[in-house]
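Every number here is computed from the coordinates shown, using simple stated rules; none is lab data. Being a predicted model, the structure only gives us computed values, none of them experimental. Neighbour counts are summed over all protein chains in view; Cβ atoms, including those assigned to glycine, are modelled from backbone coordinates with ideal geometry.
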Amino acid sequence: MEIQTIVGTYFFSVAPWISVISRKRIYEELFSDLVGLASDVAFLVLCMKLLADNVSSGQTPRTKLWTKTKNRFLSLLSSGFASIRLLQARILFCLYETGHAIYPEAYISIGHLGRLGQAIGLHDTAGIPQLALEPATWDEMEERRRVWWAVWILDRYFFATYLNLK
């Protein structure tokens, strides 16, 4: 699947429900004249593709693409990489795991989202050293707010539902 198709599918099907990625900013990053995609942007596209992937009835949602995506995240994380795009990708990954009832992995992934968001500094921007650069535009600031709210909502949703699953 071509990048443009994957991103278009995401904005058509997922973004209306949980809008954490600025369409304008991601298209600027994807289609600028740079040599290649940054690793966090490439991972974000991979997570968009995972969400668009159809899992047929009776098939396990732990597909090869799910495994590849999970391993890619661990590779990025072990290299010390942290960014807003990585957090957005992880949100999409958590949506896939939660939507397909991949437990307890979804529980662990959502908990990790909160820790990663705190490490980047999205939870409190007043006087705390940030891993992410200060937002240069209103669009960047709004995108960060939406990402943090998505992390918070997923955490609360899963906390409320996971206790009932036990």
Quick check: net charge around Gln88, other residues with Cβ under 12 Å of its Cβ, Lys/Arg +1 and Asp/Glu -1? +2
So, relative contact order of region 21-106 in percent, Cα under 8 Å, 6 or more apart, is 39 percent
Yeah, region 1-95 with a ≥ b ≥ c from its alpha-carbon gyration tensor (a/c under 1.5 is rounded, else prolate when a/b outruns b/c, oblate otherwise) is oblate
Lys and Arg at +1, Asp and Glu at -1: neighbours of Lys70 with Cβ under 14 Å from its Cβ sum to +3
Rank-order 74-81, 39-46 by packing density, defined as the average count of other C-beta atoms within 10 Å over each peptide's residues, highest first. 39-46, 74-81
Positive-pole candidate from Ile108, Leu37, Thr137, dipole of the chain, charges at beta carbon: Ile108
Between beta-carbons, use under 11 Å as the cut-off and find the net charge around Gly8, counting Lys and Arg +1, Asp and Glu -1. 0
Contour minus Cα-Cα distance for Glu29 and Gln4 (0.36 nm per residue): 7.8 nm
Label point distance in nm, His112-Arg62, each placed 7 Å from Cα along Cα→Cβ: 1.5 nm
Ranked highest first by the average count of other Cβ atoms within 10 Å around their residues, in what order do 147-154, 20-27, 61-68 fall? 147-154, 20-27, 61-68
How far is it, in nm, from the label point at Glu140 to the one at Leu77 when both lie 7 Å from their Cα along the line to the Cβ? 2.6 nm
With charges only on Cβ, +1 for K and R and -1 for D and E, what is the dipole size of the chain about its Cα centre, in debye, rounded to 20? 560 debye
If I compute mean projected area of the Cα convex hull in nm² from the structure I just sent, which labelled value in (i) 12.3; (ii) 10.6; (iii) 23.0 lines up? (ii)
